[in-house]
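> Mind having a look at this structure? Questions to follow.
The values are calculated or read from the model by the stated rules, or taken from the named source; none is laboratory data. Note that this is a predicted model, so its numbers are computed, not measured. Positions of Cβ are generated from backbone atoms using ideal geometry, with glycine treated the same way; all protein chains shown enter the neighbour counts.
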Amino acid sequence: MAITFLQHTDPTLPHYDANSWTYVRGAAATIDREFGFIGRTLLHGIIETHVLHHYVSTIPFYNADEASEAIKGVMGKHYRADTEGGSIGFLKAMWKSARMCHWVEPSEGAEGEGKNVFFYRNRNGLGVAPMKMEAPVAQATAGKRAKMEIGGDE
């Protein structure tokens, strides 16, 4: 479970609403991690080559490192990896992600399609500030209640 959590959870990973999500964007919203001997030998590198797995899951594990190197050039700035420190780095990443990644919401200052891209937020106040948003649902509900209280038909 910790492995799956860390393959899909990082403060730098975007999430998308239904209007801006595509298969390619969804597949890129993952991160390669390093888990040292255990990941490379016992788990056949699936932790270290997980981004590739999201695009081409049929590549056998013994070719995954080479294929991962190839997709880095294609993905450019959209490729994510946190491979520092082997197994100890993996544990540090788990701590960081558990503290910083509690829910997703738009970023402050997001414009255009950026409003449809969400990043992790947390109750610890760490990371990029969230977008200041009004609560239109609450306002609509309050309006209905006011009409009902004064005898409206809604």
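> Return the pair list, or none, for Cβ contacts closer than 7 Å from residues in the stretch 108-122 that are more than 17 Å from ALA29 (Cβ to Cβ) and without any contact (Cβ under 8 Å) to a residue 60 or more places away in the chain to residues that are aliphatic (A, V, I, L, M) and part of a helix (DSSP H, G or I), at least 6 apart or on different chains.
Taking only residues 6 or more apart or on different chains, the pairs are ASN122/MET100.
> Quick check on this structure: which one of THR83, THR41, THR12 is of a type outside the set (A, V, I, L, M, F, W, C) and under 12 Å from the mean Cα position of the chain (by Cα)?
Details: THR83 fails: under 12 Å from the mean Cα position of the chain (by Cα); THR41 fails: under 12 Å from the mean Cα position of the chain (by Cα).
Of THR83, THR41, THR12, the one residue that is of a type outside the set (A, V, I, L, M, F, W, C) and under 12 Å from the mean Cα position of the chain (by Cα) is THR12.
> Same structure again: Taking the residues in the stretch 67-91 that are touching a Lys or Arg at 6+ places or on another chain (Cβ under 9 Å) and part of a helix (DSSP H, G or I) as candidates, determine which candidate is surrounded by the most Cβ atoms within 10 Å (Cβ to Cβ).
This residue is PHE90.
> In addition: Restricting attention to the stretch 11-27, which residues are assigned to a loop (DSSP other than H, G, I, E, B), of a type outside the set (A, V, I, L, M, F, W, C) and farther than 26 Å from ARG99 by Cβ? Please lay out each step first, then the result.
Here is the first cut: in the stretch 11-27, the ones assigned to a loop (DSSP other than H, G, I, E, B) are 11-14, 17-22.
After this cut, where a residue has to be of a type outside the set (A, V, I, L, M, F, W, C) as well, the list is 11-12, 14, 17, 19-20, 22.
Within the stretch 11-27, ASN19, SER20, THR22 meet the criteria.
> Just to be sure I understand, how many residues within the stretch 33-49 are in a helix (DSSP H, G or I), farther than 13 Å from GLY89 by Cβ and β-branched (Val, Ile, Thr)?
1
> Here's something else I'd like to know. For PRO11, indicate whether it is surrounded by fewer than 18 Cβ atoms within 10 Å (Cβ to Cβ) and closer than 21 Å to GLY114 by Cβ.
Working: surrounded by fewer than 18 Cβ atoms within 10 Å (Cβ to Cβ): yes; closer than 21 Å to GLY114 by Cβ: yes.
Taking the combined requirement at face value, the residue satisfies it.
> Moving on to the next point. Could you list, in sequence order, the residues of the stretch 74-97 that are without any contact (Cβ under 8 Å) to a residue 12 or more places away in the chain and of a type outside the set (Val, Ile, Thr)?
GLY76, LYS77, LEU91, LYS92, TRP95
> Right, another one. Which of the numbered conditions does THR30 fail, given that it passes all the others? Conditions: (1) assigned to a helix (DSSP H, G or I); (2) under 23 Å from ALA2 (Cα atoms); (3) at pLDDT 90 or above.
Failing condition for THR30: (1).
> Moving on to the next point. List every residue pair whose Cβ atoms sit under 9 Å apart, with the two residues 6 or more apart in sequence or on different chains, where the first one lies in the stretch 10-23 and is over 13 Å from TYR120 (Cβ atoms) and the second, anywhere, is assigned to a loop (DSSP other than H, G, I, E, B).
Close Cβ pairs satisfying both conditions: TYR16/THR22; TYR16/ALA29.
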